[in-house]
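The values are calculated or read from the model by the stated rules, or taken from the named source; none is laboratory data. Computed from a prediction, not measured in an experiment: that's the story for all the values here. Neighbour counts run over all protein chains shown; Cβ positions are idealised from the backbone, glycine included. We work out accessible area using only protein heavy atoms, side chains counted, and drop any ligands, DNA or RNA first. Shrake-Rupley method; radii C 1.70, N 1.55, O 1.52, S 1.80 Å.
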Amino acid sequence: MRIRAITLRILQQFIHDKRTMALMFIAPLVVLSLMSLVFNGKDYEPKIGVAGGATALSAALESQKAEVTVYKDAEAGNAALKAGGLDAFITMKGAQPEVMLEGSNPDANRAVLRALQEATQRPEPAGAAGSVQPQISYLYGAEDMKMIDRFGPIMIGVFVFFFVFLIAGVSFLRERTTGTLERLLSTPLKRWEIVTGYVCGFGIFTVFQALLISWFSIQVLGILMTGSFGYVLLMTLLLSMSALTLGTLLSAFAANELQMIQFIPLVIVPQIFLSGLFPLDTLPLWLQRLGLATPIYYGAQALMDIMLRGKGWSDIALDVFVLAGFSLLFMVLNVLALRKHRRM
């Protein structure tokens, strides 16, 4: 009977905790569905530019499911490659194809070389390179680029966001459950002043965290770094601020630490899948659009631009403004969420 009583109590406890029930039964299905979409996406279709004599390969490359664009000259093709619109640009030197790979994505590199190999083995069109080996060069990276160089910038952004989100959310929740926040709300302090104060207080620690993680990843782990360390620090700091403000916002809807942790599979995990860790081009269009609404996506793209491609302010400015916009939006929502606690 005593065991039965304990069992019934646990069952009643779980049944009345709707958030925990949803986490146990719905969240795994959502995450597994997302994984299915990511891992069962269509094959990557490389974007290849051709010019001059290489246009003879266009039909053969398209038959290998490559997206081929013909440019009037090499200058236009190289400009498109540098702008990120192509995975490779092909010209001809005599009968030998000269292939310039974008280089920062090993999956795209392999897809380009596989399509080119199949295309040049075909007997048609007449005058194609046949069995001539192409000359390969890289705009970014190199043939021996390590996996950590490819995924390191993304994982820096993911880990910065994850830990700041969790720590900020739990810390702000503790301020509320211990009554500190209620006492502050009973003073003449305005809500925006309280939110700004908390963000500045936690933000100081995020500065040191961003500095430490960036330095450790580059100097100790040796992750490829071709751009400015200052820009890396700026992006990790902006990611930290967006995670901080989002964590404090969602903590307003959690009653305890367990409920705060329950946000992780719904808020963090989907962002990891859509961060660029897997080629977004292979995902359904609606899922690609969903990725554009997540802070980690912008941070990861900017970190790859800086660390792998050596790009500067003009290429990461949009990501900077978007992340700053996310932080500002979450702060405003934080101020609105505090109204709920003033009535308690």
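Only one of the numbered conditions (1) at pLDDT below 80; (2) within 30 Å of Leu250 (Cα to Cα) is violated by Thr120, and that is (2). Kindly indicate whether any position in the stretch 209-221 is at pLDDT 85 or above and within 27 Å of Gln259 (Cα to Cα). No - not one qualifying residue is present in the stretch 209-221.
For the stretch 270-293, state whether one or more residues are hydrophobic (A, V, I, L, M, F, W, C), in contact (Cβ under 8 Å) with a residue 40 or more places away in the chain, outside any helix (DSSP H, G or I) and open to solvent by 20 Å² or more (accessible area, probe 1.4 Å).
Initial filter on the stretch 270-293 (hydrophobic (A, V, I, L, M, F, W, C)): 272-274, 277-278, 280, 283, 285-287, 290, 292-293.
Now drop any that are not in contact (Cβ under 8 Å) with a residue 40 or more places away in the chain, which leaves 272-273, 277-278, 283, 287.
Narrowing the set further to residues that are outside any helix (DSSP H, G or I) leaves 277-278, 283.
Narrowing the set further to residues that are open to solvent by 20 Å² or more (accessible area, probe 1.4 Å) leaves 277-278.
Scanning the stretch 270-293 turns up at least one residue that is hydrophobic (A, V, I, L, M, F, W, C), in contact (Cβ under 8 Å) with a residue 40 or more places away in the chain, outside any helix (DSSP H, G or I) and open to solvent by 20 Å² or more (accessible area, probe 1.4 Å).
Of all residues in the stretch 243-259, at least one satisfies being open to solvent by less than 40 Å² (accessible area, probe 1.4 Å), small (Gly, Ala, Ser), within 24 Å of Thr196 (Cβ to Cβ) and assigned to a loop (DSSP other than H, G, I, E, B). Cβ-Cβ distance below 8 Å, separation of 6 or more or different chains: which pairs start in the stretch 77-100 with a residue that is more than 25 Å from Asp315 (Cβ to Cβ) and end on one that is polar (S, T, N, Q) and buried (at least 18 other Cβ atoms within 10 Å of the Cβ)? What qualifies is Pro97/Thr91; Pro97/Thr120; Glu98/Thr91.
Residues are listed down the side, and each one gets a yes or a no for (1) of a type outside the set (Ser, Thr, Tyr); (2) out of contact with any Leu (no Cβ under 7 Å at 6 or more places or on another chain); (3) more than 16 Å from Phe151 (Cα to Cα):
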site	(1), (2), (3)
Leu266	yes, yes, yes
Ile272	yes, yes, no
Pro284	yes, no, yes
Ala293	yes, yes, yes
Tyr298	no, no, no
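When the stretch 301-339 is filtered for residues that are out of contact with any helix residue (DSSP H, G or I) (no Cβ under 6 Å at 6 or more places or on another chain), under 30 Å from Thr226 (Cα atoms) and free of Cβ contacts under 8 Å to residues at least 24 places away in the same chain, the ones remaining, listed by number, are Ser314, Ala317, Leu318, Phe321, Gly325.
Checking Val160, Val207, Val99 one by one, the residue that is of a type outside the set (Ser, Thr, Tyr), in a helix (DSSP H, G or I) and open to solvent by less than 40 Å² (accessible area, probe 1.4 Å) is Val160 and no other.
One residue stands out among those in the stretch 85-96 that are among the small types (Gly, Ala, Ser) and surrounded by fewer than 17 Cβ atoms within 10 Å (Cβ to Cβ): the one that is modelled with the highest pLDDT, which is Gly85.
Scanning the stretch 1-36 for residues that are within 14 Å of Gln259 (Cβ to Cβ), surrounded by fewer than 12 Cβ atoms within 10 Å (Cβ to Cβ) and either charged (D, E, K, R) or touching a strand residue (DSSP E or B) at 6+ places or on another chain (Cβ under 7 Å) (or both) gives a single hit, Lys18. Among the conditions (1) of a type in the set (S, T, N, Q); (2) more than 21 Å from Arg339 (Cβ to Cβ); (3) out of contact with any Gly (no Cβ under 8 Å at 6 or more places or on another chain); (4) in a helix (DSSP H, G or I), the only one that Thr196 does not satisfy is (2). Residues of the stretch 219-238 that are of a type in the set (Val, Ile, Thr) and not in a helix (DSSP H, G or I): Ile223, Thr226.
Has the stretch 151-166 got any residue that is among the small types (Gly, Ala, Ser) and more than 22 Å from Leu250 (Cα to Cα)? Walk me through it before giving the result.
Of the stretch 151-166, the ones among the small types (Gly, Ala, Ser) are 152, 157.
Pick out the ones that are also more than 22 Å from Leu250 (Cα to Cα) and you get 152.
Yes; the residues of the stretch 151-166 include at least one that is among the small types (Gly, Ala, Ser) and more than 22 Å from Leu250 (Cα to Cα).
Only one of the numbered conditions (1) more than 19 Å from Asn105 (Cβ to Cβ); (2) surrounded by fewer than 18 Cβ atoms within 10 Å (Cβ to Cβ); (3) out of contact with any helix residue (DSSP H, G or I) (no Cβ under 8 Å at 6 or more places or on another chain) is not met by Phe39, and that is (1).
Within the stretch 289-316, track down each residue that is of a type in the set (A, V, I, L, M, F, W, C) and over 16 Å from the mean Cα position of the chain (by Cα).
Kept after step one, since they are of a type in the set (A, V, I, L, M, F, W, C), are these residues of the stretch 289-316: 290, 292-293, 296, 300, 302-304, 306-308, 313, 316.
Residue satisfying the conditions is Trp313 alone.
Of all residues in the stretch 23-68, those being part of a loop (DSSP other than H, G, I, E, B) and of a type in the set (A, V, I, L, M, F, W, C) number 2.
Of all residue pairs spaced 6 or more apart or on separate chains, those with beta-carbon atoms under 8 Å, a first member in the stretch 20-42 that is within 17 Å of Leu285 (Cβ to Cβ) and a second member that is loosely packed, with under 13 Cβ neighbours inside 10 Å and of a type outside the set (Ser, Thr, Tyr) are Leu37/Pro284; Gly41/Pro284.
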